[in-house]
Structures are given as structure tokens and as C-alpha cells.
Amino acid sequence: MEKAGFGKWVLGAFFVLFVLFLYGPTLTILILSFQGPEGGLTFPMRGVSLVWFRRLFETQAVGDFGGSLTRSLLLAFLVMMATVVVSLAAGLAFRRRFAGSGALFYLTVASLIVPSILVSLGIGILFNQLGLDTAWYSSGLGAQLTWTLPFGLLIMFAIFNRFDASWEEAARDLGATSWQTFSHVVLPIILPSVVGVALFGFTLSYDEFARTLLTAGVDNTLPLEVFGMTTNITTPVLYALGTLSTALSFAVIGLALGAVAVLQRRRARRLSG
Amino acid sequence: MPHDVELVNVTKRYGSGAVAVKGISLRIPAATYCCLLGPSGCGKTSTLRMIAGHESVSSGSVLLAGREVTDLPPAKRGTAMMFQSYALFPHLDCLDNVAFSLKMRGVPKAERRARALHFLKLVDLERYASRLPAQLSGGQQQRVALARALITEPRVLLLDEPLSALDPFLRGRMREELKRLQRELGISFVHVTHSQEEAMALSDLVVVMEGGEIVQAASPRDVFERPATAFVARFIGGHNVLPAPAGDGTVAVRADRCRLRPPDAETYGPHLPGTVSAVEYQGPVVRVALATAAGEAVAMLPDDVFHAAPVAPGDAAVLAWSEDDMHALAPSPSDAAAATLTDPLAAA
């Protein structure tokens, strides 16, 4: 009995350490972003203020926060849409074996293993050779998709693994066409997981660094901009930026979860009504 | 009147070369409760799925109500299928599950809901119309699946092991309800099962399958009283399969028609000496197993008969039966040489 209690404490302590390790850095930046006007990049705090957040929106000597944020959000949205559509279609296709399905699968997943900076370099060189300008919305988008598409496909595999094919047979039995089966049965059942894939695609793109480094062209995405700032800015503005972009990530996740909750509540209301 | 279902030389071959169904032919008369009975892998589910149109037919024809449907999609055949897992749509409430086929056909909302409610009433579930499938018990889910299949007004309802997921009590009640519905609706039910008890209780026509072939298709009484092969006799249960006293082939003798005689008694008619190996009291009957030269044989004795002359394990005894109760069996490829017996109460 006592031994079990001791084990529980050790595991509990380990878990606390783990959580600290996970959120400690983010928390530090969060706290330091409220540094007083006289404060520096490190502790101690010299008062508490929002001055660094205000500075963030003033024109900086270096750095284009608003522009890079807009680009990052747009890019994340594009990546999200492409990931959902392509991996959903591919997931459906891979449910049956087709000629070359095994090879295609390994080819797709292999791009997860290639070091991201090499992917970035390769795409950058390819664009160069073809005489095209790299840009966040073309080469950058492509580079990010080499990461999100295989991931999306793997998630789809997991989803369809749990999917009971007799739902589709039942729909067919009840007179549904292929499209009706998809839109009335398959999609609604897997929708929560598809929202998950969308979130995944969005956040993977939003904080992607290495793959966009050599493919973003003239205009930076937010992570590239932040990286640039770390070498030039020596004030807590950097932390304010960190706090704000983290908050934004949480907001996106919260919004998605909220949307799922609203969907469920509407369903529940329809049930009781 | 044409048969509700007619299979003509139907074969199912899978891509790997395995043959699940070997050229079977079967006629199911109108308004028949038909059970496809057999062990797993005998081809009964493949047969059902070919009738439903969820499995392509490799060769042969499927006719429903006299109409060739071999290449028609499931919904164009006049059949409806109830899946083993029920396959209720988890995101739709009971009413919308039942109304699904009407929605696919574009029936207006008010009308399809009214019809769906009518069919929910038929299975006594109108109170649960707005529940999701996950909020129902197994038995209720099954009734929703039944209503959802029946709303398409099928000529033939196909049921894939419909009772296997239910507990024994519910299974019995559901069995009665299935039979009642079939009788009231006047349509045919084709019901796949591996339980001889279920097949006996429900069927007008029992189709016993083995290794992709039909070994016997007859009324339950015929199947029980005159099993065609040793396989059928064993699968149906309650029979001793013994070498024929004339020394030619095998015979089946119902265990409940067998009696025990003392070893020294004069025995007229067919008999088989042995040693009592087990005695089981089962209430109305006592099951006595004998070890004989032909393997194990069983007598199911009414309790008063047993208690008039009780035996115990180790006793010598003679299994005796009347010539009239003995029934010659056709040879079947899968027959093992040793005579064995299947226990009627051990069947799952």
C-alpha cells in the first residue's frame, strides 16, 4: 500500500515537471511581455505594463508585423483547405487497393522523413532553375504541403480504420447514390475528425519555419519575421509578439472547438425539439 | 405465383481464387421465413449478400419475384437488408434513420417523418424517435434497424445474424417479434444464422449449408426427422450418427428415441453395447453418454424413464433403438469415419 502511494507521488511529480517543461518557456515569455517600460529582456520585472504591445503596432525600425501576420494567416488558411480536401480524397481512395497504392503511400510518407530544410532548399533551387520567383503563396505553399499532406493522410487512415463500411452499404441499400452516401453518411460521421485535420494543417503551417525559410521569397511569414527580429530587436517587444501570436493560435483552436460544440448543441436541440 | 427468391446455379468466386459459394440453386416460395443455417465459412453470408446485391455474382442468376436482378444495385431489387452490426447512422436520430431512404428519394420532410413515425410504431419505438442510436439499448437499436429496412416496403427482408449480438433473454423475445412481423407483413424473410435452435424456431424453410453448397433445404421438421447427411445430423444436434447395423454406410438415430438396456437383457432390433461415460441431469431429461466401439453415443432419457432404471458412469449398458427411428444418411465428403454425436443443448 505504502509503496503504491510512493509510486503515485513520484509519477505525480514527474508529470508536474513535464507540464512545466512543456509550458514553462511559453509562460516565461508571457510574463515578460508585460514588462514595465524600464524593463529589459530578462527578469526581474520592473513594473507591469502593456507598453510593449503598443510598441508592436508602431512602425518598427525592422520588421513588418502586420504584413507578416496577414501572410501567415492567409497561407495557413490555404494550407488548411488544401490539406483537408486532398487528404480526405486520398483517404477515401486508399480504402481500396489500387495499382501502385503501396508505392504511392510510401512515396507520400517519405516526404515526412526528408529533413525539412532540404525540402525547402530543393524547392528553392527548383524554382530558381525554372526561372520563377519564390513566394510564400507559391513555393512556400508547396513546401508546407509536403509536410501537411502526408500528415493529413495518416490521420485519415486512422479515421477510416475505425469507420464501419456497413454504414455505406446500409446507405446504398436504402437507395442513396454514391454522392448521397458521401454527403449524408460518410462526411457527417467523420466531420469532427476532419475538423481536427483542418486545425492540424492550420497550426502546422502557421508556425512552420524551416520549410518556408528558403521558399518564402521577398515577403516573410510570421515565424521568419520573428526570427529576423530576434537578431535585431533587443526589447520585450519580441515577447509581446510571442504572446500575441500564441494567443492567436489558441484563439483559432478555441474557435474550431467552439464550432464543433455549437454543431453538437444544435443537433441536441433538434433532438429535444 | 412466382417464388420470392430464386437462385439459379449461383457461384461466388473471390479474387484470390477461393470459392465461397459453389453453384447453388434454391427457390424460396412467397411469404416464407427462410433460414440459411451453417457453420462460419459455409457461404451463407455470401449467399445473403449476393441476394442483397452487396456482393457481385461470379456466375449464375438471382431472381426476385420472377425478375432477374443479378446485376441490379441493392435498392432496385425490392430487398432490404438488416446488417449484423445494425449499421444505424450514428449522427441521425431514430426518426431520421428510419426516414433515410425516403429522404434519398426526395420525399418531403413532413411526409417522410410521418411515415417514419408509423414504422417506428410498428416496432413499438415511437417514444424514442428523437434519440440517437448511441442512446438506445442493443435490442432497441435492432428494432430501429428493422423499421429502417421495412420502410422501403421490401418484398424480401434479408437479415444477417440479427440475433447474435443480443443477450439470451432478448434473443428469445426478438425471435418471436421477427416471426410475428414476417407473418403480419406477408413478405419473405431470409435470415442467416449459425444457431440451429434459431433456425428451428423461426423457419418455414431451413437451408443447411456446408462448404459453399446446400446440403439440405426442407422444413425444420423434415430436417430434424430426416437429416440428409451426417453433417446435417450433427449440426442440427440431438442425433447419434452411427455405422449402419447392416454394415453399409451411416445412420442417424435421434438421441431422444434411444433407450438403455442392461447388458444381460435380450435385445431385439438394432443396438450398440458400451460403457456409461457421463450422466447429466437436465430437468425433464437425463443425458446419458456411452463410450462404444463406434465412438460416443448419447441417449436422452425422459427423467421418469431414467429414474426407473438409473445408471452411473462405469456401468455397462446397451443403447437400443427401433428400426423405424433409424434413418440412413447420404455420404458427404466432409464426414469423418468415426461416429460422433452432437449435443442438442450444447448448440450455441
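The values are calculated or read from the model by the stated rules, or taken from the named source; none is laboratory data. The structure presented is a predicted model; accordingly, all values stated were derived computationally and were not measured. A quick note on method: Cβ atoms are made from the backbone with ideal geometry, for glycine too, and the neighbour counts reach across all protein chains shown. Just so you know, the surface numbers come from the protein's heavy atoms only, side chains and all, with ligands and any DNA or RNA stripped out. Shrake-Rupley method; radii C 1.70, N 1.55, O 1.52, S 1.80 Å.
Which values of log₁₀ I(q)/I(0), to two decimal places, follow from the Debye formula for chain B at q = 0.08, 0.09, 0.15 Å⁻¹ with a uniform point scatterer at every Cα?
Here the Debye-derived log intensity ratios amount to -0.48, -0.59, -1.17.
Give the percent of DSSP beta bridges with both residues in the protein assembly as shown that are antiparallel, rounded to the nearest 5. Please list the in-between numbers first.
Values: 52 of 71 bridges.
The antiparallel fraction comes to roughly 75 percent.
Regarding the protein assembly as shown, what are the three Cα extents along the principal axes, ordered largest first, in Å?
For the protein assembly as shown, the Cα spread along each principal axis is 118, 69, 55 Å.
Per DSSP H run of n ≥ 4, the term is -39500 (n - 2.57); total these for chain A, divide by its residue number, and report the mean residue ellipticity at 222 nm rounded to 500 deg cm²/dmol.
Details: 12 runs with 199 residues, N = 273.
Only helices count here, giving -24500 deg cm²/dmol.
Quick one: Cα convex hull volume of the range B:41-94, Å³ per residue? The partial results should precede the final answer.
Working: hull volume 5.9 nm³, N = 54.
For the range B:41-94, the hull spanned by Cα atoms encloses 109 Å³ per residue.
Give me the summed buried accessible area for the A-B pair, 1.4 Å probe, to the nearest 100 Å². The partial results should precede the final answer.
Details: alone 16870 and 15910 Å², together 30740 Å².
Adding both sides of the contact gives about 2000 Å².
Of all DSSP beta bridges located in the range B:5-225, what percent are antiparallel, nearest 5?
Numbers: 18 of 36 bridges.
Of those bridges, close to 50 percent are antiparallel.
Based on the alpha carbon coordinates of the range B:79-123, what radius of gyration and maximum Cα-Cα distance (Dmax) apply, in Å?
10.7, 30
Any chance you could give the angle, 0 to 90 degrees and rounded to 10, that helix A:222-232 forms with the longest Cα principal axis of chain A?
It works out to around 20 degrees.
Kindly identify residues of the range B:52-90 having a loss of at least 20 Å² in accessible area between the isolated chain and the assembly of all protein chains, probe radius 1.4 Å.
Buried by 20 Å² or more upon assembly, which counts only protein chains, are B:54, B:74, B:75, B:83, B:85, B:87, B:89, B:90.
So how many Å³ per residue does the convex hull of the Cα atoms of the range B:243-328 work out to?
On the way: hull volume 7.7 nm³, N = 86.
Normalising the Cα hull of the range B:243-328 by residue number yields 90 Å³.
Kirkwood hydrodynamic radius for the range B:150-273: how many Å is it when counted over pairs of different Cα atoms?
Over the range B:150-273, the inverse of the mean reciprocal pair distance is 17.0 Å.
Give the value in nm², to one decimal: projected area of the alpha carbon convex hull of chain A, averaged over all directions.
Result: 23.5 nm².
By accessible area of protein heavy atoms, probe 1.4 Å, what ranking do B:180, A:265 get, highest first?
Working: B:180 80, A:265 145 Å².
In descending accessible area the options line up as A:265, B:180.
What is the Cα radius of gyration of the range A:141-247 over 2.2 N^0.38 Å, N being its residue count?
For the range A:141-247, the normalised Cα radius of gyration comes out at 1.58.
The range A:153-179 to the range B:16-45: how many Å between their Cα centroids?
If we compute the Cα centre of each part, the gap is 26 Å.
Run the accessible area of the range A:65-272 with a 1.4 Å probe and give the carbon-and-sulfur part as a rounded percent. Display every interim value, and only then the final one.
Details: 7200 of 10450 Å².
Carbon and sulfur atoms account for 69 percent of the accessible area of the range A:65-272.
Ignoring everything but the protein chains, give the 1.4 Å probe accessible area of residue B:124 in square angstrom, nearest 10.
My reading of the accessible area for residue B:124 is about 80 Å².
Ranked by accessible surface with a 1.4 Å probe, highest first, in what order do A:15, A:200 come? It would help to have the intermediate numbers written out before the result.
On the way: A:15 125, A:200 80 Å².
Most to least solvent-accessible, the answer reads A:15, A:200.
Hey, can you rank B:62-73, A:37-48, B:236-247 by average C-beta count inside 10 Å, highest first?
In decreasing order of mean packing, B:62-73, A:37-48, B:236-247 become B:236-247, B:62-73, A:37-48.
Return the calculated 222 nm mean residue ellipticity for chain B, to the nearest 500 deg cm²/dmol, obtained by summing -39500 (n - 2.57) across DSSP H runs with n ≥ 4 and dividing by the residue count. Spell out each step's value before the answer.
Details: 9 runs with 91 residues, N = 348.
The helix-only estimate for chain B comes to -7500 deg cm²/dmol at 222 nm.
Give me the inter-chain shielding for A:158-165: mean count of other chain Cβ atoms within 10 Å, whole number please.
Taking all residues of A:158-165 together, the mean is 1.
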